[in-house]
Structure formats: C-alpha cells, structure tokens
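Asks: Here it is, the structure in full.
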Amino acid sequence: MAKKILFPVDLEHTEVVGKALKLALEEAERSNGKLYVMTVAPGFGMPLVASFFDDKTVKKAMKVIAAHLKKFVDENIPKEFHAKSIVTEGNPPEQILKQAKGNGVDLIVISSHDTELDQVLLGSCSAKVVRHSKCSVLVVKN
C-alpha cells in the first residue's frame, strides 16, 4: 500500500494523463494515502536561460505555472483527496526524484507520452524516473 503518492503532470500534455490520474486516485483512496501533484517548470536558473530573464519575470512565470497546476487540480482531483500541489524548476526527472525522496513517497504514478523520436534524441522522462527511483514507479502508457 502506498501512503504517499507522487503524480507528476506535464501541463503541456494534460490530455494524456487521464488513465494515470485514475490509477493514482484509486491507489490513494485504497490506501488512504496522500497525493502530491507536481509539475516542473523550465530551468530558468540555467546560466544561458537566466541571462534572458530577470528575477521578477521568473517569479511571475512561476506564479502563472502554479495557477495552471491549481486549475488542473481543482478540475481533476476531488477535494476529499486534499492533494498537495508542487511546482519545481529544472530537469523533470531530477525534480521528480528529488520530490519523491524529500516527501518520502512510496509510489510515483507517471504517464508516458514520449514519441520514439523523443526517446532517441532526449531520452524518456518516465524511463529515467524508473531507472533511478528508490520507490515503486507505475508508468501508464497512453
């Protein structure tokens, strides 16, 4: 049973998370677990990227992303789950693993929507999470 479940969502591809979200909610309900819903913003702090954005712009962008995540949670997760929203910045697999470790997560439920080209050129986010996670990972293919 998973008492703490991490559900990462790519806000650019929310149309593919339906099956994964359903499974995360079922597990949270079955185990009376806590659900953490997270998204990862682009790496504004990277030196090359940071040179184009001042702190005020980055903070504004992070607030907009947080508002989008809140809207996603409000529209897709029943209130009784008391889901905690988390917005981080940087490399998605690294941030997912960091949140899993930091919150003592028992299970990561992640949707896989990468194309073959994405996997060849960049590597799959879900594959990296599976490979390096210390907890169980449920990858839901769409």
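Asks: For K22 and K3, compute 0.36 nm times the residue count separating them, minus their Cα-Cα distance, and round to one decimal in nm.
Replies: So the chain would gain 5.2 nm between K22 and K3.
Asks: Give me the accessible area per residue for the chain, probe 1.4 Å, as a whole number in Å².
Replies: With all protein chains present, the chain gives 62 Å² per residue.
Asks: Students often check this: by mean Cβ neighbours within 10 Å, which of 57-70, 86-99 ranks highest, and how do the rest follow?
Replies: 86-99, 57-70
Asks: What are the residues whose amide H is under 5 Å from the amide H of G90, where those residues sit 5 or more places off or on another chain and H is modelled from the backbone?
Replies: The answer is A41, G43, F44.
Asks: Can you tell me which of 8-14, 19-25 comes out highest on packing, and rank the rest after it, using the mean Cβ neighbours within 10 Å?
Replies: In decreasing order of mean packing, 8-14, 19-25 become 19-25, 8-14.
Asks: Could you check the spin-label model distance between D54 and H68? Points 7 Å from the Cα along Cα→Cβ, value in nm.
Replies: With each label point 7 Å from Cα toward Cβ, the separation is 2.4 nm.
Asks: Which of these values of Rg and Dmax of the Cα atoms in Å was calculated from the structure shown: (1) 17.8, 56; (2) 17.1, 55; (3) 15.1, 47?
Replies: (3)
Asks: Of the accessible area of the chain, with the probe set at 1.4 angstrom, what percent is carbon plus sulfur?
Replies: Solvent-exposed carbon and sulfur of the chain make up 56 percent of the total.
The values are calculated or read from the model by the stated rules, or taken from the named source; none is laboratory data. Just so you know, these numbers come straight off a predicted model, no measurement behind them. Please note: Cβ atoms are built from the backbone with ideal geometry, for glycine as well, and neighbour counts cover all protein chains shown. Note: accessible area is taken over every heavy atom of the protein model, side chains too, but ligands, DNA and RNA are not part of it. Shrake-Rupley method; radii C 1.70, N 1.55, O 1.52, S 1.80 Å.
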